Amino acid sequence: MNQFDWDRGFPLDFDLETGRSEAAQTTKRYLSQMQGMFFDSDAVKEILEKEDPLIYEFYELGYPERPGDLAFGTTILYPGRVGDEYYMTKGHFHTRLETSEVYYTLSGEGYMVMENPEGNTIEIPLKKNEAVYVPRRYAHRTVNTGNQPLVLFFVFDADAGHNYGTIETKGYHKMVVERDGKPVVIDNLKW
Ligand code: MN
């Protein structure tokens, strides 16, 4: 955290194609860490018998969780499927539910899949060079429906917090699967 001066400002390099930064810290999420999140548990088991693929990684700065600061960084979501279901991030609510977030697609394509505690759902396509606004109160997950890495830049309130609770236990209402070679959004039958 000390290498960035959150009181006097700082510049930071981010590669626009790969989303990588020399200075930022990376966190990696492998399939073994997300086993219960994909619908087809047989497909999960089958893949894990052979390998443990990297699903996504994110670069962040170890930001201070102070009111008024902004946290930012990149997510790199790799292409692939578990059964019919495309690779996706875990997704989360913000602990401070009334906080929003902006994502900008640096490369690749996919969906931002969102839902609020009342069960309302929104899906917005992610396209290179477009920004997506994630409204307050909505959990958000990204899905890679293309065949190259989906690279996103994000900014949110640094003291928003992350809440995975209900998503880890019940999942999302919607899921994005491949049908006849195309992505479609369907109801999650586990709900
Ligand atoms: Mn967020």
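The values are calculated or read from the model by the stated rules, or taken from the named source; none is laboratory data. Please read all numbers here as calculations on a predicted model, not as lab measurements. When we count neighbours, we look across all protein chains shown, and the Cβ atoms used for this are built from the backbone with ideal geometry, even at glycine. Accessible surface areas use protein heavy atoms only, side chains included; no ligands, DNA or RNA. Shrake-Rupley method; radii C 1.70, N 1.55, O 1.52, S 1.80 Å.
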- [ ] List the number of the failed condition for Arg20; all other conditions in (1) closer than 25 Å to Ile167 by Cα; (2) out of contact with any helix residue (DSSP H, G or I) (no Cβ under 9 Å at 6 or more places or on another chain); (3) open to solvent by 50 Å² or more (accessible area, probe 1.4 Å) hold.
- [x] (1)
Open item on the list: So in region 98-125, with the set limited to residues that are of a type in the set (A, V, I, L, M) and closer than 18 Å to Thr75 by Cβ, which one is farthest from the ligand (Cβ to nearest atom)?
Closed with: Leu106
- [ ] With the condition kept exactly as written, say whether any residue in region 12-25 is assigned to a strand (DSSP E or B) and either within 16 Å of the ligand (Cβ to nearest atom) or more than 22 Å from Tyr138 (Cα to Cα) (or both).
- [x] yes
Task: Selection within region 51-69 - more than 16 Å from the ligand (Cβ to nearest atom) and either over 18 Å from the mean Cα position of the chain (by Cα) or surrounded by fewer than 16 Cβ atoms within 10 Å (Cβ to Cβ) (or both) - done: Glu51, Asp52, Pro53, Leu54, Gly62, Pro64, Arg66, Pro67, Gly68
Task: Selected residue [at pLDDT 95 or above and out of contact with any Pro (no Cβ under 7 Å at 6 or more places or on another chain)] from Thr18, Thr27 - done: Thr27
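Among what's in region 106-125 and is assigned to a strand (DSSP E or B) and of a type in the set (D, E, K, R), pick the residue that is least open to solvent (accessible area, probe 1.4 Å).
Within region 106-125, the match that is least open to solvent (accessible area, probe 1.4 Å) is Glu115.
Could you check how many residues of region 126-144 are open to solvent by less than 20 Å² (accessible area, probe 1.4 Å) and more than 11 Å from the ligand (Cβ to nearest atom)?
Count: 4.
How many of the residues making up region 151-169 are more than 16 Å from the ligand (Cβ to nearest atom) and under 17 Å from the mean Cα position of the chain (by Cα)?
1
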- [ ] For region 144-166, name all the residues that are within 13 Å of Met88 (Cα to Cα) and among the β-branched types (Val, Ile, Thr).
- [x] Thr145, Val151
- [ ] Please specify each residue of region 51-65 satisfying the condition of being under 26 Å from Phe4 (Cβ atoms) and in a loop (DSSP other than H, G, I, E, B).
- [x] Leu61, Gly62, Tyr63, Pro64, Glu65
TODO: Inspect all residues belonging to region 31-41 and state whether any of them is among the hydroxyl-bearing types (Ser, Thr, Tyr), open to solvent by less than 30 Å² (accessible area, probe 1.4 Å) and either within 25 Å of Glu109 (Cβ to Cβ) or not in a loop (DSSP other than H, G, I, E, B) (or both).
DONE: no
TODO: Please work out which residue is farthest from Leu152 (Cα to Cα), limiting yourself to region 70-97 and to residues that are of a type in the set (S, T, N, Q) and within 11 Å of the ligand (Cβ to nearest atom).
DONE: Thr95
